[in-house]
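A short worksheet on the structure shown next.
The values are calculated or read from the model by the stated rules, or taken from the named source; none is laboratory data. Since the structure is predicted, the reported quantities are computational estimates derived from the model, not experimental observations. Cβ coordinates were reconstructed from backbone atoms using ideal geometry, including for glycine residues, and neighbour counts include every protein chain displayed.
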Amino acid sequence: MRSPRHRIRLVTVVTALAVVSVACGGRADDTGDTGAAGSTTAPTTSAADAGGGDTGGGDTGGSGGGTTTSTTTTTPDPCAGAELEATEIGVTADTITVLVAADVGSPLAPGLFQASMDGVEAWAEHVNDAGGLACRRVEVIEFDTVLNANESVNAQKQACDQALAMVGTTALFVFDTETMNTCPDLAGAPTGIPDLAQLTTEVAHQCSPTTFPVVAPQGACPYDGGPRLYTERLGHIAWYRENITPDLTGVFVVPGDLPSTRQTGITTIRAMEKIGVVNAGEFAVSGADLQPVYAEFVQRIADSGANYARSGSNFVSMVKWRSEAANQGVDVPIWECTIA
């Protein structure tokens, strides 16, 4: 059971980071600014004698002039006079710090999840431009985990020491989550650190009690070995059948560098087969594979008459596949990517 302090920290972070909120009121460029910091004015008009006629004669259809008054209202700055303190690790009187860990700089897949870092930076810039979060400026630490399990642990350690939360985590080799699950809060309690991950591939990460992924894992948690129940999301298949073609024949590319990513890709394909999608071929790829490797996949599309091509790898894989298909003059109505 999570401690009360753990619940408070998680509620604070999930509420604050999942919803982009304006915490510090108006800005100097607001329309109707009175000149006072954080205040805005809005004109209000009221008309006496709505009919414009003589108020004493009861004539509502007259053309006599009414009386118009103008008033202003002031919205107070919620941060004005606030006495801010350093209340938790990663929270000072002026800033809230988060850490984004992503696989970016590995030579096996250069720039693999650069978009995760870019996205978190863009979010922070947006929040800061709108006045900040909880009357503070958001600061982002970028940590490149370079497809390395040790670096994923080092990212957790730095986050525990310097950040309120991990946001946008997109690291494939998170085999060990002990640090993020148990690192101490400001009071020294083993609260752990909230991890608002983009995706989770390894069981330890998927089932971490402090991880809240955007892309929810299909596998059931907790998991201690043996058969594992998977729940797949197949609503898009129903949409394809209703709007494009009722009969789907697919060729599938599965990310093969990790057993976990291969397993996730295969369980999705098996679920599709159960609802009638014809499997014309499935192929494992590595992030290091060059475009010529995809020639075999394109040929399978051509030979089978497939109308659906799905890649479970990243966008670089999809670019290679589609580029090779274009070279051979092959196309399908449906190209689908997952983590791309």
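Could you figure out which of (1) modelled with pLDDT of 95 or more; (2) within 23 Å of residue 205 (Cα to Cα); (3) within 24 Å of the chain's Cα centre (by Cα); (4) in a helix (DSSP H, G or I) isn't true of residue 269?
Of (1) modelled with pLDDT of 95 or more; (2) within 23 Å of residue 205 (Cα to Cα); (3) within 24 Å of the chain's Cα centre (by Cα); (4) in a helix (DSSP H, G or I), only one is false for residue 269: (3).
Filter segment 89-115 down to the residues that are of a type outside the set (Val, Ile, Thr) and more than 24 Å from the chain's Cα centre (by Cα), then identify the one that is surrounded by the fewest Cβ atoms within 10 Å (Cβ to Cβ).
Checking each candidate, the answer is 107.
I'm told residue 192 meets every condition in (1) at negative phi; (2) buried (at least 22 other Cβ atoms within 10 Å of the Cβ); (3) assigned to a loop (DSSP other than H, G, I, E, B) except one. Can you identify the failing condition by its number?
So the condition that residue 192 fails would be (1).
All but one of (1) over 26 Å from residue 112 (Cβ atoms); (2) in contact with a helix residue (DSSP H, G or I) (Cβ under 7 Å, 6 or more places away or on another chain); (3) of a type outside the set (Lys, Arg); (4) at pLDDT below 95 hold for residue 218, so report the exception by its number.
Answer for residue 218: the failing condition is (1).
Restricting to segment 68-103, and then to whatever is in contact with a Pro (Cβ under 8 Å, 6 or more places away or on another chain) and of a type outside the set (Gly, Ala, Ser), can you tell me which residue is farthest from residue 140 (Cα to Cα)?
The extreme case among them is 71.
Checking residue 131 against (1) buried (at least 19 other Cβ atoms within 10 Å of the Cβ); (2) at pLDDT 95 or above, which single condition isn't satisfied?
That leaves (2) as the condition not met.
Just checking, which of 280, 306 is in a loop (DSSP other than H, G, I, E, B), touching a Ser or Thr at 6+ places or on another chain (Cβ under 8 Å), modelled with pLDDT of 95 or more and of a type outside the set (D, E, K, R)?
Answer to the selection: 306.
Here are some residues: 199, 186. Which one is in a loop (DSSP other than H, G, I, E, B), of a type in the set (A, V, I, L, M) and surrounded by 19 or more Cβ atoms within 10 Å (Cβ to Cβ)?
Step by step, each of 199, 186 is checked, and only 199 is in a loop (DSSP other than H, G, I, E, B), of a type in the set (A, V, I, L, M) and surrounded by 19 or more Cβ atoms within 10 Å (Cβ to Cβ).
Report yes if residue 261 is modelled with pLDDT under 95, under 30 Å from residue 166 (Cβ atoms), of a type in the set (Ser, Thr, Tyr) and under 24 Å from the mean Cα position of the chain (by Cα), otherwise no.
Yes; evaluated as a whole, the condition is true for this residue.
From the residues in segment 165-179 that are more than 17 Å from the chain's Cα centre (by Cα) and assigned to a loop (DSSP other than H, G, I, E, B), which one is farthest from residue 193 (Cα to Cα)?
This residue is 173.
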